[in-house]
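Visitor: Just dropping this structure here.
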Amino acid sequence: MIERSPVFDLLTYLAMGIGLILVFTPFWVVFIGATLSLPEVARVPMQLWPSDQLFENIATAWQRGDLGPKMVNSLIVAVGVTVGKIVIASLSAFSIVFFNYRARMVFFWLIFITLMLPLEVRIVPTYAIAANALSPLQLILDVTGLTGLVQMLSGVEIALNWNLLNSYEGMILPLVATATGTFLYRQFFMTIPDELVEAGKMDGSSPMQFFADVLIPLSRTNMLALATIMFVSTWNQYLWPLLVTTDRANFGTAVMQLKALVPAQNGTPDWNVTMAGALIIMLPRSSSLPSCSAGSSGVSSPATSEDTPMAAISIRGVKKRYTPKTLVIHGVDVEIEAGEFVVILGPSGCGKSTLLRMIAGLEEITEGEIAIEGRVVNRLEPRERGCAMVFQNYALYPHMTVRQNIGYALKVAKVPRPEREARVDKVAQIVGLLDYLDRRPAELSGGQRQRVAVARAMVRNPRVFLFDEPL
Amino acid sequence: MERRAYYRNKVLPWVLIAPQLLLILVFFYWPTTQALYWAFTLEQPWGGGNTWVGFDNFASIFTDTRYWATALRSAFYAVCATAISMTVALTLALFVDRALKGTRLFQSVFVWPYAIAAPAAGVAFRFMFSPQAGFIGAVNQVWPGIWDPSTVGWQALAMVIVCHAWLGIGYNFVFFLAGLQMIPRSIVEAGAMDGARPFRRMLDLQLPLLAPTTFFLLIMNLISSFTDSFGLIDTLTEGGPVGATEVMVYKIYFDGFKGLDYSGAAAQSIVLMLLVISLTFIQFKWVERRIHYS
Amino acid sequence: MTRNWLLGAALAASTLALAGAPAQAATKFEFWYGLSGDLSERVQDVCKRFNAAQADYEIVCVSQDNYDNNLQNTIAAFRANKQPTVTQIFDAGTLDLMLSGAYLPIGQLMSESGYQIDWSNYLSGIGSYYSTSKGELLSMPFNSSTAVIYYNTDALAKVGFAGTPSTWEEVEDVARKMKAAGYDCPVAFDPTGVWQWFEQFSAIHNQPIASNGNGFGGLDAEYVFNKTRFVDQLTWYKKMFDEGLFVHKSKAAGETANDAFINGTCQITSSSIADHGTFGKQAKPEVKWTVAMLPVWAGTDRKNSFVGGASLWTLKGKSADEYKGAAAFFNFLATPESAEYWSTVTGYVPVTMSGFEAMKAKGFYEDPTYKGRELAIESLTYGEATENTRGIRLGNYVTERKEIGDAMARVLFDNVPVQEALDTAVANGNALLRKFEKTYQGAQLP
């Protein structure tokens, strides 16, 4: 979090609050329904506060739906599909994105098209396949005459049969055979910079090593998201398990039981028990949902600093803690004169970047104060401090051209277009980038990128220049 | 978007992709081809045989004005549901990404809609949108008879779309948030140094950098609103009133499996598939090239 | 083809393990049905009773949730040669199965297994629905019902009506008085209730739905209900609806017609006799109600109503032992005790005359809990059957049902003229029939 504008914070909370109500209400209804007695649940309008029947209903649902073993089945199938999908999808996406062979686009579309015809629509022929998953192979053998040949030679007739009905494989495999995972991994792999692949090649790693050492660790967040989604959607599968499992006692899943709990025509409308069942069946999934682990970059090491001959900086007794126990900066007192060029040296992790970021306003100051030109800036937003900063990794906006990158701060400050252009041209000339203004960062060399970063800092005529290890 | 760096290997890519190809060939293409064959025949449901009729099934679809109405309705449904769901999820994700105190609580709740099972969701929605009771029904106490999705077509359609969008919020939210958190912090910080306020940074930096995620979600949402709307419609409206919520996939399911018209349903499946494929293809051709993956 | 498991064995050891454990004692066979919830548990009870009653066979009963799913799943299984021995198919799916040749006629099955069943004992309306044009019964009647009308007796008393209305004129009069007496919803009406509001109306008023005796005479039948008394009937529904005497109640509207009735919101509803049991258990204590046969217009020569529900079909492609098991199961169902048990716990009608008589003799219908259920039998057997009252034997009828429901909804909600709505439904229906005829080109109705 960079800015602490109370108004904006309020707006944030407000928006999240509305979102919470939107999202939460149906759950509330289910929960209330599960606590009601039979006459209460039949009442119109339904009441909105809980009653006292929750445990009775849950017990009834649990017992009537035989939910214990069914949940175990659901778990086996959901985990099977999730694991299968992640393994298969990551491998095939790796193949499509990182290898250059002619068939790859064909393969991609072959896989992708499977999303476009839902199982509901092709369930009858799919069932035939599940009854004998080897029938395509059999047909090939028959058509090519191999069956006859083998029979002639050995007297054995080949009849392939692999029945998937009433088995975990039957529930799992057809659900693994879709494209969501592959597509997701492809999207992620596309964002892996070419440099990483090249670096990997330089390090002499094989494709599989690159896959295992670089891609898999990098795709952790994605994997979590995919796993969640696969797990939940498999858990909720209804039509397919219903069809392939006639042996309900051994292979039934929890959601199938939920349907069985829903009162049908002519049945007792005890929605309260249904809701209690829904509540139970929802629980393992709600708790399995990851809270999207935040993984933001926080790299920092040695630092350098400079400022233009306009502002003096005083740093007085500045301390920084990230948690009450970790004191990172133990009290720094520095006076930097206007126009002075200061270099801060120190081992990794000693707080150089943190100090710079506190000057820039990107980190909160735990204790002490920082003044620029005699004015304490502790409470000011970065944009109000008049600093410019060149980041260690340059932080160029990848989707903007060099011109847009340099001119962005001016655009934000609503500098009129002609003046903006003129100033961008001027700095570009100083750093020697005039010929590259219409390129994007990806099309520049490392040195050129560095110069864009510097130019971006210069164009605003800042009073303070901060360079975080830019060389 | 072309990559520069590739691995070169003759065998490995084929080995890697083989399991997936094998699975989809057996469990998707093989059965689908059989179903598609039905589109050119009149197939007896119990498998007693069929007669080849060429494109007759397609001709009768395309001359049926009600089929066109269904197709248009599906398109409208897809666009609205996708737009609503993605906008809400994105807004929430952008706010959650600010990581204010207590955000975690909100964050975990926002994912929930994805976890709710369709029957339970259907029941909850039926209650919430019921004209006699529920929240929306309250307007009937102020203006009697103004809200009744059971008889007024557009209201039923609106209801189904809102529910579809709601169910998608969790999914979209997870991806948007993951996408936002993958944007290097320094880029947002550079924006702050450049003087952009939070809202401005969202528009100018985070949104464009989210493009790959947005593209992914756009495709997934569009496809899913064409193909996954079946369960919801079946619980909420069963296509009614008077077909006002009948979208293509529901019609396929109804004609094919309730009406036992396998051939008509297969022909409709082909049309649906071609439509979704071409929509997706267009997006890949025209939208993806504007995306910067790195 | 002699099956050899050579390759399959290598690839699928798990399957073989399953196949390698033969049932030692009883012959197992499967029965798929399309009921869920409470009714599903009753079916399971029947299965348990059968398994307990003998040791040679074990029936495995599998709920496929609802009729549509069961039909679809049975077809899928049949095409993959994994079908159950016995399956439950609802009225509208009957014709496809009849033409498919995928079944074993019940008479043949029973006589081959050495059981003597007196088919004439079955209620004629029920028998004819599942019989060939020559009168051979093809499937085992199981859960049979028909449409009746339920009245709130307090509401009737309040408007001073003694007994129950038996004509639509009386219904209109009563409804109007109820409205005046402050009841917001005199009659609950759901346009998707095509079965009771259209089909049964046509049957008891001796009106054809389609030519060729509603399709019994051949596949070239055509819909004609846009020229029958149903046009007037729908016009009347519309009038009643506009006056607020019929009130729309459905699942989509938040409360089904039946729920509205047992909650006391609506005073009259038309539904299946099978709901008699549910109403008994569910109705609010203060709601006093009774049941009657569907009304007719005054001066009508009343005919029998159609049978609803489903019957049990034996599918081809199973072993002789399994067929023996199925026959034993049907024989078990045909015993008066089973018939009585099933009818008592569910509210479906006893499907045989002797079952009905036995129950009547025991005073079953005198019991206040079950009183009124005999009216269903009366309705099913009323008058001399005509070609309009045998049943409905029309292709793709499920889809046409939806068309008719839509037509009623369009008239009521969107103010489409009655004739126009019905003409559309007939035109669409005839297109369906022609397509069906073409699909089964050359096939003859059995």
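Visitor: Rounded to the nearest angstrom and ordered from largest down, what semi-axes does the equivalent ellipsoid of the protein assembly as shown get from its C-alpha gyration tensor (root of 5λ)?
Guide: Semi-axes from the Cα gyration tensor: 65, 36, 27 Å.
Visitor: Let me ask something else. Express the accessible area of chain C per residue in Å², computed with a 1.4 Å probe while the remaining protein chains stay in the model.
Guide: Counting only protein heavy atoms, the per-residue value for chain C is 36 Å².
Visitor: Please report how far the C-alpha centroid of region C:40-88 lies from that of region B:207-276, rounded to the nearest whole angstrom.
Guide: Value for the Cα centre distance between the two parts: 32 Å.
Visitor: Under 15 Å from a point 7 Å along the Cα-to-Cβ line of residue C:52: which residues of region C:72-96 have their amide N that close?
Guide: From region C:72-96, the list is empty.
Visitor: With chain C treated as a Gaussian network of Cα nodes joined by springs under 10 Å, which of C:202, C:211, C:270 yields the largest mean-square fluctuation?
Guide: Per the Cα network of chain C with a 10 Å cutoff, C:211 tops the list.
Visitor: Checking buried surface per residue: for region A:143-180, which residues lose a minimum of 50 Å² accessible area in the protein assembly relative to the chain alone (1.4 Å probe)?
Guide: A:157, A:159, A:161, A:177
Visitor: For region B:56-290, with only Lys/Arg (+1) and Asp/Glu (-1) charged at the beta-carbon, what is the dipole magnitude about the Cα centre, in debye rounded to 20?
Guide: Using Cβ point charges on Lys, Arg, Asp and Glu, region B:56-290 gives about 840 debye.
Visitor: Which residues in region C:348-368 place their backbone N less than 14 Å from a point set 7 Å from the Cα of residue C:153 along the Cα-to-Cβ direction?
Guide: C:366-368
Visitor: Moving on to the next point. Could you work out how far helix C:418-439 tilts from the main Cα principal axis of chain C, as a 0 to 90 degree angle to the nearest 10?
Guide: Approximately 10 degrees, to the nearest 10.
Visitor: Could you compute the FRET efficiency for residue C:235 and residue C:284, with r as their C-beta to C-beta distance and R0 at 41 Å, rounded to 0.05?
Guide: 0.75
Visitor: Let me ask you something else. List the GluC sites (Glu not before Pro) within region C:354-428 that fall in a DSSP loop (any state other than H, G, I, E or B) and whose Cβ has at most 16 other Cβ atoms within 10 Å.
Guide: Filter output for region C:354-428: C:384, C:387.
Visitor: Quick one: what are the phi-derived ³J(HN,Hα) couplings along region C:95-106, Karplus 6.51/-1.76/1.60 with θ = phi - 60°, whole Hz, x for glycine and proline?
Guide: Ordered by residue, 3J(HN,Hα) equals 5, 4, 5, 4, 7, 6, x, 8, 10, 10, x, 4 Hz.
Visitor: Under 5 Å between amide hydrogens, which residues at least 5 positions from residue C:224 or on another chain qualify, with H placed 1.01 Å from N in the peptide plane?
Guide: Residues meeting the criterion, in which the H sits 1.01 Å from N, are C:210, C:211.
Visitor: Can you put A:62, A:235, C:195 in order of accessible area, largest first, using a 1.4 Å probe?
Guide: A:62, C:195, A:235
Visitor: What FRET efficiency would be calculated for the residue pair residue A:206, residue B:197, taking the C-beta separation as r and a Förster radius of 51 Å, to the nearest 0.05?
Guide: After rounding, the FRET efficiency stands at 0.60.
Visitor: Select from chain B the helices, each a whole stretch of DSSP H, whose alpha-carbon atoms run 15 Å or more along the helix axis and whose Kyte-Doolittle mean is at least 0.5; answer none if there are none.
Guide: B:12-24, B:65-96, B:118-129, B:153-182, B:211-227, B:262-282
Visitor: Amide H neighbours of residue A:322 under 5 Å, at least 5 residues apart or on other chains, H built in the peptide plane: list them.
Guide: So residue A:322 has HN proximity to A:328.
Visitor: Rounded to the nearest angstrom and ordered from largest down, what semi-axes does the equivalent ellipsoid of region B:56-290 get from its C-alpha gyration tensor (root of 5λ)?
Guide: Sorted largest first and rounded, they come to 36, 25, 14 Å.
Visitor: May I ask which residue of B:165, B:240, B:226 lies farthest towards the positive end of the charge dipole of region B:56-290, with charges of +1 (Lys, Arg) and -1 (Asp, Glu) on Cβ and the Cα centre as origin?
Guide: B:165
Visitor: Same structure again: For region A:391-416 and region C:189-261, what is the separation of their Cα centres, given in Å?
Guide: Distance between centres, Cα-based: 70 Å.
Visitor: If you don't mind, there's one more thing I want to ask. Skipping prolines and chain starts, which residues have an amide H placed within reach, meaning under 5 Å, of the one on residue C:252, given they are 5 or more residues away or on another chain?
Guide: Amide H neighbours of residue C:252: none.
Visitor: Okay, moving on. Of the residues C:85, C:228, C:346, which exhibits the maximal mean-square fluctuation in a Gaussian network model of chain C defined by a 10 Å Cα contact cut-off?
Guide: Comparing C:85, C:228, C:346 in the GNM, the peak value goes to C:228.
Visitor: Give, rounded to the nearest 20 debye, the magnitude of the charge dipole that chain C has about its Cα centre when Lys and Arg contribute +1 at Cβ and Asp and Glu contribute -1 at Cβ.
Guide: The dipole magnitude comes to about 600 debye.
Visitor: Among the chymotrypsin sites (Phe, Trp or Tyr not before Pro) within region B:20-124, which fall in a DSSP loop and have no more than 12 other Cβ atoms within 10 Å of their own Cβ?
Guide: B:55
Visitor: Nearest 100 Å², what total accessible surface is buried between chain B and chain A (probe 1.4 Å)?
Guide: Adding both sides of the contact gives about 12200 Å².
Visitor: Within 14 Å, Cβ to Cβ, of residue C:253, how many net charges do the neighbouring residues add up to if Lys/Arg are +1 and Asp/Glu are -1?
Guide: -3
Visitor: Another one. Taking θ as phi - 60°, what are the ³J(HN,Hα) couplings along region B:204-209 by the Karplus curve (6.51, -1.76, 1.60), each to the nearest whole Hz, with x for Gly and Pro?
Guide: Couplings: 8, 10, 5, 4, x, 6 Hz.
Visitor: Moving on to the next point. Over the C-alpha atoms of region B:1-118, what are the Rg and the largest Cα-to-Cα span, Dmax, in Å?
Guide: Cα only, region B:1-118: 23.8, 67 Å (Rg, Dmax).
The values are calculated or read from the model by the stated rules, or taken from the named source; none is laboratory data. These numbers were taken from a predicted model, which means no experiment stands behind them. When we count neighbours, we look across all protein chains shown, and the Cβ atoms used for this are built from the backbone with ideal geometry, even at glycine. To get the accessible areas, we keep the full protein, side chains included, count just its heavy atoms, and leave off ligands, DNA and RNA. Shrake-Rupley method; radii C 1.70, N 1.55, O 1.52, S 1.80 Å.
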